[in-house]
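Structure record follows, encoded as structure tokens.
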Amino acid sequence: MKLGKYVSGFAILILLLFSFAVPAITHIGVQVAEAKKKEKKPTVEISEKTLYAGHDSFKIHIKHLDKKAKVTYSSSNKSVAAVSKKGEIKPVSAGHAIITVTIKQKNKLYISKILVTVKIPYIKITNAPAEMKAGTFYKLKAETYGTRKAELTWYTSDSSIAYIDSKSGELYAMTAGTVKVTVKDSKSGIKATVTIKIKGTAYTPPTGSDKAVYLSGLDLSKEYGMYYKTKKEEYIETTRFILFIDDGVEIPVNVIYVIDHIMNLIESKTGLRFYTGKQYGANWFTMESEIEEIFDTGANLKKIIKDDRVCIVVSQQNWRTYAFSYQGIMLQPQDIKLWDGNEHAMIHELLHVLEFRNGCPLGQVLQEGFATYYTMLITKEDTVLNGYYDGYSRLSGFEYKITEDNAEAVFNEITSGWNAYLLGFRMINYIMETYGSQAYQNMHNKLSVKFDYPSVKDVAAALKSELSKDFFRAFARWYKKNYERFGDINTTALEEWQITNGLLQKYYGSKKEVVVPNTVTMISYEAFMNNTTLENIILPWNLEAIFYCAFYGCSNLKEITIPDNVTHIGNNAFMGCSNLKRAALPKGITCIDEGTFMQCYSLENISIPEGVTDIKSYAFAYCRSFTSIILPKTIKRIGERAFSNCSNLKSIIIPDSVESIGNNAFLECSPDFTIFGNKGSYAEAYAKENNIKFVEIRY
């Protein structure tokens, strides 16, 4: 009985243990099965890949790769695509190659193939039209394949048929013809070209004439009196020109007749025509952006420019009168009114437009000489405008030494500024009197076929090859006989300094260190202009005035201290002094004139003295070394683009006294440029209006 009892108990115990063990064994079996089920074979993520020769390599990625797995790579054609031990595919040249990936993992072998296609990097113009109508715009787009941070530049095979903006790719169809449009990556040199047919013709003058016929815009036919004052921004459109007028400007009621009369005079006297069907060089300079910037309604006004009619812009904002390439001219209000002795201004600038439309630009010397010479002839014979431009009296006092040995060097040196006008007037007189207008035009035509923008030396070479191989020596001999006719002195006898009654008219020396004589109280315009040897200069304590362009282009001038007695510094006085690092301004000045320190790239900082009320247009433009500026509390006005393109200028403190800030005064400054000023000030309002960061301070 006892044994049976024990056996029975033991049996029960075995049954209980078995009941617990079976689920455990079952669970272990499930885990093993699931582990086997979860095991995945290593897989190469791609089966084909396109790469570009010379561009980035590609790293092969493998899924489910065990850490202990062994992977090897091989290429069927290493001259097309090579592969490293780490699985980086390097594109070499155009073609196809098979990359084999061999994986040994857990005693199993896996092999995958990747088809690699290597292409040559290329650019594709994606939206080129087959045809365009003359007078229309179209913005082209391009995609790059296999290039790194491409820098695209657009150009056309013939800019007289179609012009394209080199950066934006906006194409303007000008006249009938076929043109090739090319986009090029300046880094890699890769380019793409498409051919576009331009249908129709651009502006065609009325049959037998290109005189103005009124089309649309401001209608002055019902106005009485001599002048009409605009109440808003207006335009007058004729078949020959388009006149854009700012608000508040007085214009002659017969303005269409006046402009047409001037254009007739110019064509008659020069033998050239404004409408030629083709413009040479400078075709990428157009007036649309200027119109949009000057006029509040500029976005609409610029749409009127659909062809190559002459554009004439009259605005209160123009601080000077000038020709804007072949397309037109910018005038001040007194110029269109033909008053204050400005009857010649429109003639002079339209002559520039005429020369642009009949050939490439020849540099400021000959261009200004041409315009001034014909302005004098036209106004002398005209009986309508009642004004005469006397070039001999207005352009007197040329101070450069002209000898047979240095005449060509002087021509090469004087490339801008007032002296370019003076020299140009003398040279054109010589050319017209010696060779005649037709010989000059023939030379111009030949240069225009060869160049868009000839250099000064190219022009000098043409003068010698087309007019006379002894041109410059002969000009020097002629000038020596005629200098008094132009109101000049005998410059062949000048010494290092030319000083008259305290006025330093010209420095002819070539020293690096210059001490200006104590007898000098004023420095004349262009006295040191383009003196590239000058590095340091000491000015006399009793100096009172520095006139415009006095140190223009003194590219090696390093520093200058202007005595406190100086009360006037003219416009562009230090423009282009690219190595000027320090300039101490006098306490007596009240105005920093237009372009005074423009393009002084190395100027690190400047202390603007109390008492200055005006900083005018472009005064410090392109001073790239500026980082911060503090304006004096006496400042009232900051001109247009006064600090534009100061790319490192991060901050400026503007006082409450500032009443106006011109357009784009801080254009292209540092990306984090900030205006500091008092809350509620004009500076704060200007900053908000122009999306410039403003920080409130007490100043």
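Every read-out reported here was derived from the displayed coordinates using simple, explicitly stated rules and does not represent laboratory data. Keep in mind that what you see is a predicted model, and the values were worked out from it rather than measured. Don't worry about glycine lacking a Cβ; one is built from the backbone with ideal geometry, like all the others, and counts go over all protein chains shown.
At a 10 Å Cβ-Cβ cut-off, how would you order ARG582, ARG473, ARG698, fewest neighbours first?
Numbers: ARG582 13, ARG473 16, ARG698 6.
In increasing order of surrounding Cβ atoms, one gets ARG698, ARG582, ARG473.
Could you sort out which of LYS139/LYS306; LYS380/LYS481; LYS511/LYS558; LYS457/LYS512 sit more than 21 Å apart by Cα distance in this structure?
Details: LYS139/LYS306 16 Å; LYS380/LYS481 25 Å; LYS511/LYS558 14 Å; LYS457/LYS512 26 Å.
Long pairs (Cα-Cα over 21 Å): LYS380/LYS481; LYS457/LYS512.
Considering only DSSP states other than H, G, I, E and B, which GluC sites (Glu not before Pro) in the stretch 78-163 qualify as loop sites with at most 13 other Cβ atoms within 10 Å?
On the way: sites: GLU88, GLU131, GLU143, GLU151; in loops: GLU151.
In loop regions of the stretch 78-163 (DSSP not H, G, I, E or B), the sparsely surrounded GluC sites (Glu not before Pro) are GLU151.
Less than 17 Å apart at the alpha-carbon level, and either on another chain or at least 8 residues along: which aspartates and glutamates does that give for LYS90?
Hits, sequence-local ones excluded: GLU48, ASP56.
What value, in deg cm²/dmol to 500, does the helix sum -39500 (n - 2.57) over DSSP H runs of n ≥ 4 give at 222 nm once divided by the residues of the chain?
Values: 14 runs with 169 residues, N = 699.
Rounded to the nearest 500, the figure is -7500 deg cm²/dmol.
Below 12 Å, Cα to Cα, which aspartates and glutamates can LYS108 reach? Residues fewer than 8 away in the same chain don't count.
ASP66
With a point put 7 Å past each Cα toward its Cβ, work out how far ASN406 is from ASN107 in nm, to one decimal.
Between ASN406 and ASN107, the simple spin-label model gives 9.9 nm.
How far is it, in nm, from the label point at LYS167 to the one at ARG698 when both lie 7 Å from their Cα along the line to the Cβ?
Result for the modelled spin labels: 4.3 nm.
Can you list the aspartates and glutamates whose alpha carbon is less than 14 Å from that of LYS269, not counting same-chain residues fewer than 8 positions off?
GLU355, GLU381, ASP382
Answer with a single label: of [x] 27.9; [y] 31.4; [z] 26.1, which was calculated as Kirkwood radius over Cα pairs in Å from the structure in view?
[y]
When DSSP assigns beta bridges and you keep just the ones with both residues in the stretch 203-358, what percent turn out antiparallel, to the nearest 5?
60 percent
Could you bin all the Cα-Cα distances of the stretch 362-494 into 5 Å bins starting at 0 and give me the percent of pairs in each, rounded to whole numbers?
2, 10, 20, 24, 21, 13, 7, 3, 0, 0
What's the extension gain from SER468 to ASP564 if we count 0.36 nm per residue and subtract their Cα-Cα distance?
Numbers: separation 96, 0.36 × 96 = 34.56 nm, distance 5.18 nm.
Length gained, SER468 through ASP564: 29.4 nm.
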